[in-house]
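The values are calculated or read from the model by the stated rules, or taken from the named source; none is laboratory data. Predicted, not measured: the structure shown is a model, and the values here were computed from it. Cβ placement follows ideal geometry from the backbone for every residue including glycine, while neighbour counts extend to all protein chains displayed. Remember, those area values only see protein heavy atoms, side chains included, never the ligands or the DNA or RNA. Shrake-Rupley method; radii C 1.70, N 1.55, O 1.52, S 1.80 Å.
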Amino acid sequence: MHKAPGSSYTVSTTCPYCGVGCGVSATVEGGRVCSVKGDATHPANYGRLCVKGSALADTLGEQGRLLQPRLDGVPASWDQALSALVERLTALQAAHGRDTVAAYLSGQLLTEDYYVANKLFKGFLGTPHLDTNSRLCMASAVAGYKRAFGADAVPCNYEDLEEAELLVLVGSNLAWNHPVLYQRVKLAKERNPLMRVVVIDPRVTDTCDIADLYLGLKPGSDATLFNGLLAFMVERGHIDHIYLERHTDGFEEALKAAQKSAPGVAEVAAACDIDAERLETFYYWFARHLHVVTLYSQGVNQSTSGTDKCNAIINAHLAGGKLGLPGAGPFSITGQPNAMGGREVGGLANQLAAHMDYHTPSARDCVTRFWATESLTPQLPEGPGYKAIELFEAIERGEITVLWVMATNPAVSLPDAARVRRALEKCPLVIVSECVANTDMLAFADIVLPASGWSEKDGTVTNSERRLSRQRGLLPPPGQARHDWQILCDVAGRLGFGEAFSYAHPWEIFDEHARLSGFENEGATRRLFDISALAGRDRAAYDALSPIQWPVTASAPRGTARLFEQAVFATPNGRARFIPITPTPPQQTLCPRYPLRLNTGRIRDQWHTMTRTARAPRLMNHRAEPFIELHPADAERAGLSDQALAIINAKEGEYRGRVRISSAQRPGEVFVPMHWSDQFTGAGRSGALLAGRTDPVSGQPETKHGAVGITALAPVWEATLILRDDALPQELPWQGLDYWARIPMAGCVRFQLASTTPVRDWPARVEAWIGAPATLFSEDAAANRFRGAGVYNGRLAWWLMVGPPRELPGTDWLSARFNDNTLVLQHRRRVLAGCDSGAEDTGPVVCSCHQVGERVIKKAIRSGDDSVEALGARLACGTQCGSCLPELKSLLEEERGRARFEQAPATQMA
Ligand code: SF4
């Protein structure tokens with residue numbers, strides 16, 4: 001819905017980040033999105049937004065967008081780019097075979113984009129090799145559901161999280177990764193003091209703030225823990241025998257396997273490296289309560305035995321009949337906004353379309369007739385294609401000659417990134433549809449196509465509770481950018497398939513998708529995914545579509561809040577299946593050279609490879625640089641202090657980042673974030689450290705279990721360089737240093753630099769970097785300190801401080817000076833100091849919404865603000881999205897501990 005330029009309007013749409021799928025109310029004024037708020041009517045969030053969602057308006061604008069197609073590295077017209085694409089694709093497919101063409105999609109795409117891509121590649125190009133980055137996120141959860149329930153069907157909804165008597169969070173840092181759900185659970189717990197929360201995670205995360213019980217298990221031991229739970233339930237007589245007999249198969253075999261690997265609480269506690277009493281308490285709570293939700297996420301899925309872990313969880317729920325009820329069920333929460341929408345259309349390589357798989361005999365015939373591809377050569381593929389890791393291995397072997405990547409960055413996000421990059425270099429034709437002008441992936445593209453992004457895209461997404469919502473277009477795409485479905489339809493037309501891809505609006509695609517979901521959906525091969533009641537509506541109804549949970553059928557026209565309430569499953573006999581689980585350890589094994597277990601994951605304020613979230617400067621302040629979190633004992637052993645720079649080594653590559661020492665980390669384990677790419681740092685890609693080991697059932701890679709070593713980087717100098725946006729050189733000359741990190745700020749960019757090679761002449765060095773001399777500088781060579789700045793035509797162009805980052809004053813004042821059109825004298829005098837006289841250093845940002853720093857918070861606590869409410873009343877921190885509340889609490893705890901320590905008499909301390 002694009003309105004006249006200059007008009008003002010508010011539109012309900014959906015957040016493009018995580019799988020919670022929050023409703024957003026966006027206001028457009030004068031052709032730009034000027035504000036976003038939580039949509040109070042959306043059932044996912046009822047008006048709440050986390051810090052990422054709240055900052056959406058700051059991530060928009062033409063700067064940094066890809067605005068024109070590129071062909072072989074030079075700008076081209078759409079006609080030139082698509083003509084070349086079709087000509088090269090046709091020639092390569094004719095020469096090497098239909099199966100040599102592949103697509104790699106993304107959970108960021110809308111369902112309509114996904115549907116058209118799947119139809120074109122599988123239906124009309126006849127290749128099965130279409131997979132998606134959702135493979136990295138939830139493929140094991142999908143496989144687990146299909147094994148147990150016969151369908152990729154999440155039984156629960158968000159209200160179940162609030163209604164549960166016991167909520168078990170496994171491998172999920174909900175507070176950071178699904179913050180709005182975390183807020184909902186926190187509130188539910190406040191309202192119902194009897195509700196219990198158990199957190200099972202190797203790391204003590206902010207989510208533990210709501211935990212009644214925390215189990216810090218050994219990474220990879222989840223299946224043993226849940227096998228032990230099944231054995232415990234049987235031993236203590238907490239099995240629902242009626243449910244088992246009437247609605248399930250395979251219990252005895254599953255129990256035998258569980259008892260073999262987890263004979264008793266003591267053995268399980270030892271295998272999982274947790275306290276036996278705590279473990280028994282969890283088992284007891286789980287066994288005694290009926291209304292139990294187990295919410296699991298990447299900590300379970302991203303493993304070479306992720307599917308087994310999911311089924312070990314589901315087994316325990318089936319044994320107690322703890323599903324299909326309010327506040328009960330095994331609930332996989334997805335990372336991406338439309339991972340589920342992609343699954344609905346068949347956007348995984350092992351799926352065909354609309355929840356139909358190749359192994360169902362009638363499925364191929366059904367889809368062929370629906371898409372009317374009977375007369376085509378080639379016809380629909382006969383079997384599954386390559387899953388993500390296999391796909392890039394096939395590219396490396398030369399089996400795939402054409403790869404079209406849409407809305408994702410596999411050069412960063414896949415494990416064994418060096419191998420992925422080698423494969424991409426070898427691939428004869430790489431096409432990339434992207435909305436951002438600079439990503440690591442674009443360096444490998446022969447043809448680059450500018451795609452629309454959030455605020456322009458128009459279609460639907462499905463969140464983690466099966467709820468379809470409209471993501472509405474607010475503005476037209478900038479430059480020459482086009483919607484992904486339009487690009488695909490244009491290509492299909494040029495390939496001669498125009499009739500089957502003649503959609504004029506996403507509404508028509510959605511209508512076809514809804515019709516396919518109900519097509520021949522009956523009898524023995526009945527599919528749970530069915531939204532046929534949404535077909536046959538007009539465009540106005542599509543535009544007005546309210547959030548609704550599938551299935552949406554003639555018998556359930558208002559959607560379906562919860563599945564399996566009648567305990568009828570999507571298996572041929574309608575019974576759920578227990579799966580016998582034999583736990584297997586991680587495949588990336590530790591050794592003397594690589595003795596530390598590597599865990600990777602997301603952080604609170606960033607999304608994926610930061611292509612969008614890094615455009616909002618306030619989101620860069622919480623964690624500004626790539627970091628390495630490790631236990632104090634490991635830090636001591638490696639000779640590392642907090643905030644030092646270190647190098648993590650693995651067989652596959654290395655990673656450089658800043659050390660964060662934390663006892664929240666188990667000894668022997670390190671954590672690094674997954675967000676940094678070559679655009680933001682020299683060697684900060686977590687994928688470079690991981691081998692491409694995968695789950696044999698789901699194909700999901702093991703990104704939580706790398707094997708690494710750590711050493712100090714030990715630079716002889718560190719520096720902070722800030723440059724005004726328009727003073728940035730084309731090529732950054734400091735990229736060859738031992739360490740650099742880029743931190744976007746408002747109107748300028750900060751770089752953290754470090755090197756093991758001394759600099760003898762800083763004025764000369766800085767002039768070589770910037771191309772102009774410093775107009776102000778001061779130096780203390782003996783202390784290895786230097787400060788310099790370039791003020792040209794009255795404007796501050798750059799500022800440099802050589803010295804450890806802890807000496808950097810708060811950057812707000814400097815950032816404002818970079819945006820001064822003329823530097824007034826009083827500011828000019830303060831430039832080298834980098835702050836106003838008497839200005840307070842606020843410290844690292846804790847509350848991103850209100851930009852409140854740690855030092856200010858600590859000061860307030862010391863002056864008597866002894867609760868998060870008091871801090872909120874004084875400083876506003878924690879009063880908007882609430883994502884920082886756990887951090888505020890731990891600062892309160894830390895300060896209380898410090899005060900107790902300082903007040904204790906010396907004898908007591910001794
Ligand atoms: Fe977006 Fe945050 Fe909601 Fe996730 S929790 S959908 S990132 S606002």
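Kindly indicate whether any position in the range 877-890 is closer than 26 Å to Glu718 by Cβ, at pLDDT below 85, out of contact with any Gly (no Cβ under 8 Å at 6 or more places or on another chain) and not hydroxyl-bearing (Ser, Thr, Tyr). Scanning the range 877-890 turns up no residue that is closer than 26 Å to Glu718 by Cβ, at pLDDT below 85, out of contact with any Gly (no Cβ under 8 Å at 6 or more places or on another chain) and not hydroxyl-bearing (Ser, Thr, Tyr). Could you grab me the full set of residues in the range 373-400 that are in contact (Cβ under 8 Å) with a residue 12 or more places away in the chain, in a helix (DSSP H, G or I) and not acidic (Asp, Glu)? Answer for the range 373-400, where residues must be in contact (Cβ under 8 Å) with a residue 12 or more places away in the chain, in a helix (DSSP H, G or I) and not acidic (Asp, Glu): Ala388, Ile389, Leu391, Phe392, Ala394, Ile395. Between Pro667, Pro673, the distinction of being touching a His at 6+ places or on another chain (Cβ under 6 Å) and either surrounded by fewer than 24 Cβ atoms within 10 Å (Cβ to Cβ) or not aromatic (Phe, Trp, Tyr) (or both) belongs to Pro667 only. Test Ala688 against the stated conditions and say whether it is without any contact (Cβ under 8 Å) to a residue 60 or more places away in the chain, outside any strand (DSSP E or B), of a type outside the set (Asp, Glu) and closer than 21 Å to Thr756 by Cβ. Here the answer is no, as Ala688 does not meet what is asked. Here Ala576 qualifies as at pLDDT 95 or above and either crowded, with 16+ Cβ neighbours inside 10 Å or among the basic types (Lys, Arg) (or both). Looking across the range 285-301, just one residue is open to solvent by less than 10 Å² (accessible area, probe 1.4 Å) and part of a loop (DSSP other than H, G, I, E, B), and that is Ser297. Filtering the range 839-868 to residues that are over 22 Å from Asp605 (Cα atoms) and at pLDDT 80 or above leaves Lys859, Ala860, Ile861, Arg862, Ser863, Gly864, Asp865, Asp866, Ser867. Scanning the range 258-284 for residues that are in a helix (DSSP H, G or I) and open to solvent by less than 20 Å² (accessible area, probe 1.4 Å) turns up Ala258, Val268, Ala269, Cys272, Leu279, Phe282, Tyr283. Restricting Val749, Val759 to residues that are in a strand (DSSP E or B), in contact with a Lys or Arg (Cβ under 9 Å, 6 or more places away or on another chain) and without any contact (Cβ under 8 Å) to a residue 60 or more places away in the chain narrows the list to Val749.
Of all residue pairs spaced 6 or more apart or on separate chains, those with beta-carbon atoms under 9 Å, a first member in the range 31-48 that is within 17 Å of Arg184 (Cα to Cα) and among the aliphatic types (A, V, I, L, M) and a second member that is more than 9 Å from the ligand (Cβ to nearest atom) and open to solvent by 50 Å² or more (accessible area, probe 1.4 Å) are Ala40/Tyr46.
Filtered by the rule that a residue be under 20 Å from Phe777 (Cβ atoms), part of a helix (DSSP H, G or I) and of a type outside the set (Phe, Trp, Tyr), the range 787-844 gives Pro805, Glu807, Leu814, Arg817, Leu825, Gln826, His827, Arg828, Arg829, Arg830. Entry remark, the range 457-480: residues being within 18 Å of Gly61 (Cβ to Cβ) and open to solvent by 10 Å² or more (accessible area, probe 1.4 Å) number 7 in total.
Listed conditions (1) in contact with a helix residue (DSSP H, G or I) (Cβ under 6 Å, 6 or more places away or on another chain); (2) at pLDDT below 95; (3) surrounded by fewer than 24 Cβ atoms within 10 Å (Cβ to Cβ) are all met by Trp507, apart from (2). If you go through the range 62-80 and keep only what is of a type outside the set (Asp, Glu) and either loosely packed, with under 13 Cβ neighbours inside 10 Å or within 13 Å of Glu434 (Cβ to Cβ) (or both), you end up with Gln63, Gly64, Arg65, Leu66, Leu67, Gln68, Pro69, Arg70, Gly73, Val74, Ser77.
For the range 817-827, a residue qualifies if it is touching a helix residue (DSSP H, G or I) at 6+ places or on another chain (Cβ under 9 Å) and surrounded by fewer than 23 Cβ atoms within 10 Å (Cβ to Cβ), and the qualifying residues are Asp820, Leu823, His827. Among (1) in contact with a helix residue (DSSP H, G or I) (Cβ under 8 Å, 6 or more places away or on another chain); (2) open to solvent by less than 60 Å² (accessible area, probe 1.4 Å); (3) among the hydrophobic types (A, V, I, L, M, F, W, C), which single condition is Ala768 missing? Among (1) in contact with a helix residue (DSSP H, G or I) (Cβ under 8 Å, 6 or more places away or on another chain); (2) open to solvent by less than 60 Å² (accessible area, probe 1.4 Å); (3) among the hydrophobic types (A, V, I, L, M, F, W, C), the lone unmet condition for Ala768 is (2).
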